[in-house]
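Mind looking over this structure? Questions follow.
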Amino acid sequence: MENPTSGEETPSGSSMIARIALSDLMRVSDDAAAPLSPKLIGLDEPFESYEEVSEIEEQFLSTVSKISEATELLSPLEAACALLIKVIQTARNVHNNQVAWADLFEDLSSQVSQMGGYRDELRGKPTVADKRSLKALEQYLRVTTEILDQATKPYFNMQSGIWENIKRASTVQKEKEEIARYRQRVSNAWQFYSASMTRALSLKLDRIENRFDDYERVSNTTALSGHGKDTYGVVGSNLRLAYGEKVDVCEKGTRTQVLEAIRRWAVDIDTPEQIFWLNDAGGTGKSTIAATMAKEWQLEDHLAGRFFFSPNARVTERTEEFCLAIAEDIRFNQYTLWDKIDQAIQKKSPEHRFHFDIQLQQLVIEPLQSLQTTHPIYLVIDALDNCADREQREVLLETFIRHLPSIRHLKVLLTSRPLQDISNVLKGSSLVYDLGNHLLDSGSMVGSDIALYVNRELGGTPKITSDQREMIVTRSGGLFLYASTVCRMLKKSHRLSEVLKYLSVVEAPQDVEAKMDELYLSVLKQAIVDDTAGQLLMDLLSIITVTFEPVSINTIGAFLPDNDQIDNFVQDLSGVLTAGEPDRPIKVLHPTFREFLLSNPQRTKGFSVNPSEAHARIAIACINILEKALRYDILHVEGPDNPFPHNFTVEGLEKLIVKHTTGAILYASNYWAHHVAESDLPDELWSKVLSFLSEKFLNWVELMSWRGGILTCIDGLSRVRLKAKNELLGNSNSLKHDLLVIQHAHQFLVRHQALLRESALQAYFMAL
């Protein structure tokens, strides 16, 4: 659809009408944040002519055309609030009984309420015409205008006598798809506007997290990669990880030397060194420094994008989604590139995810090449060593080094441990400035920085004396990770005196790895309160260490129904794990703790996690959960007149999935097969797999079809088939027969995947 506002001016007569209407609308603008009501704007009865709708569209066109000329923020915002109330009610009158439109109207109503909040914050504050915010408001209203135009088409058609009340399935599907696209477009535009207003109001940066909440709200319809629904409801959580939103920034007055070194490099327009490589041992504060600079540059409007690698989620431990995440961040931070990046994302084909160079070129490099700026802009890439694939790390670095000379105004702050493969690529390039390993120099200002940090964190804790705080600083040996882990543990532990006693009597090693090992052992030992707790703790650690996505306390409880100490363990391990609400994902705070658990038993003193055994136990737990939960028509949507409904015709599908499943069921349905493929296929597990496929296969396919996860099923069974073939083939004729069970299930999915995506209940018919 063409943009109705592009390059057109409202006729003078219409402009006068619009101005008069606007003055009337401004009288109700104070109610913009209130619940929408027909009586609020005089729309108790349906329209009898289309003049009223036409007038609203003229008002909208007039408002949008004047935004770019505004000299302050409040008046355009007030006009937009008032008009949007009118728009939403107008569209509702046309589609008052259509659930498909209801979610879109709900989105718009919520956004109007938030706009009312921005309006209230602006009142009484002197503001200038922030170009970013005005541009964002203009784009948001343009999208809303298109929605109004689309929503009122049936009404205009009825007035002209050409509307036919015929609803074929293809027509219904087309309308639903259009509504879904509009919801996504208005969500994107709103996120841009919300982020822009956050800056304009000089609010705390964590207000920008609102946009991630939007991602979580729509995650049931659009995954980060754009290939089907979100698998476990963690898109927003993964984006927070990717953008480092939860990474602490440096305490005021700390790390001043390294921060100043980065700032000098950042503003030096003559240096050929476009990459600042901050490298040192794990736990020396690299991510904190990266987060500090990212937020500083974001406040200055000089940030292009960010990506913080992390082993806590598959999205952030590989590079498949790196370019898309960076591109999304760029279009929020550099608003003049919004349209260009939006077009590039829309054109992104599925096969591009396998070609990193193509993704980077189209989604990042080309848009940034077109950016007109007199100041350098910055990309922040943190903890590249956390990228699990060595080849992917090398390809990322080589691709950036190849393209960076074509964008002289772009600089990259890169942090990592000095792994050999990373060093091999970077040390031979003239584009790289290497600060060297100075973050752990306890003889420099680092010691005083840690003392400042520890005193700020623990100074208000009466049970911790100044001598004990000094002991923590000394034992840290310049390692920020050591100090922060101890501080978190002491602030939340139930056994404060035991922790302090252990720290005071055990000698602290000088080696970085040994120092953290000693601390991790103390964290784990203080969590064991009796002889039975040891195995229960290891069961918990096994799940947290090898799951493919972070899982919640509730989900872990479903995996370990006999373990009644999960809550206490998570609390006692707060120095190394995030401890939140029971339904929020638990994350490992630093990758060195996961590496410690996965290392040899000699190093861990008996706390090692065997990954293949852990995968097998989780796979069995997943299958047990699914065997109890899965059944025919799990969402209760089958009707006598429509035994095989198309998925897109089921009203409120996302809400039905939430109602009839749990986080444990969703995780198990996604990843049971992947856990099987990562195990050594013990007999107990193999027997469970065959039984599950014989009895619950079609029920599983049904649930995954409702969730848009048929490709996940195909991928999982492909992995199981390959694993079984390598492990079992040739052992006996019975095992060869077992392999045929896996192969037939996989072939069924591949052969019927198109229909299975369209209709979940068709799975049973096609299996006849």
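Laboratory data are not the source of any read-out in this text; all were calculated from the coordinates shown. These figures come from a predicted structure and were not determined experimentally. All Cβ positions, even for glycine, are placed from backbone atoms using ideal geometry, and neighbour counts span all protein chains on display.
Could you calculate the contour length gain from residue 120 to residue 711, that is, 0.36 nm times the residue separation minus the distance between their Cα atoms, to one decimal place in nm?
208.1 nm
What residues qualify as long-range amide H neighbours of residue 412, i.e. H under 5 Å apart, gap of 5 or more or another chain, H built at 1.01 Å from N?
Long-range HN contacts for residue 412: 275, 276, 379.
How compact is segment 269-401 by the rule of thumb for globular proteins, expressed as Cα Rg over 2.2 N^0.38 Å?
It is 1.04.
Taking only the C-alpha atoms, wrap a convex hull around segment 578-647 and report its volume per residue in Å³ as a whole number.
Spelled out: Cα convex hull of segment 578-647, divided by residues, is 167 Å³.
Just to verify a number: FRET efficiency for residue 259 and residue 455, C-beta to C-beta distance, R0 = 22 Å, to 0.05?
0.65
Label points 7 Å out from Cα along the Cβ direction at residue 662 and residue 680: separation in nm?
3.1
Once the convex hull of the C-alpha atoms of segment 642-692 is built, how many Å³ does it hold per residue, rounded to a whole number?
Hull volume normalised by residue count: 121 Å³.
Hey, how much of the P(r) for segment 644-751 falls beyond 18 Å, as a percent of Cα pairs?
Everything past 18 Å amounts to 51 percent.
Given the Cα atoms of segment 351-394, and with Rh set as the inverse mean 1/r over their pairs in the Kirkwood sense, what is Rg to Rh to two decimals?
We get a ratio of 1.05 for segment 351-394.
What is the distance, in nm, between label points placed 7 Å from the Cα along the Cα-to-Cβ direction at residue 391 and at residue 613?
3.2
In addition: What is the gain in length, in nm to one decimal, between residue 600 and residue 571 on full extension, counting 0.36 nm per residue of separation less the C-alpha to C-alpha distance?
Contour length minus Cα-Cα distance gives 7.8 nm.
Same structure again: On the first, second and third principal axes, largest extent first, how far apart are the outermost C-alpha atoms of segment 693-768 in Å?
39, 23, 18
For residue 511 and residue 644, FRET efficiency with R0 = 41 Å and r from the beta-carbon atoms, rounded to 0.05?
Working from the Cβ atoms, E equals 0.05.
Want the number for residue 751 to residue 531: 0.36 nm per residue separation, take away the alpha-carbon distance, what's left?
Result for the pair: 73.9 nm of gain on full extension.
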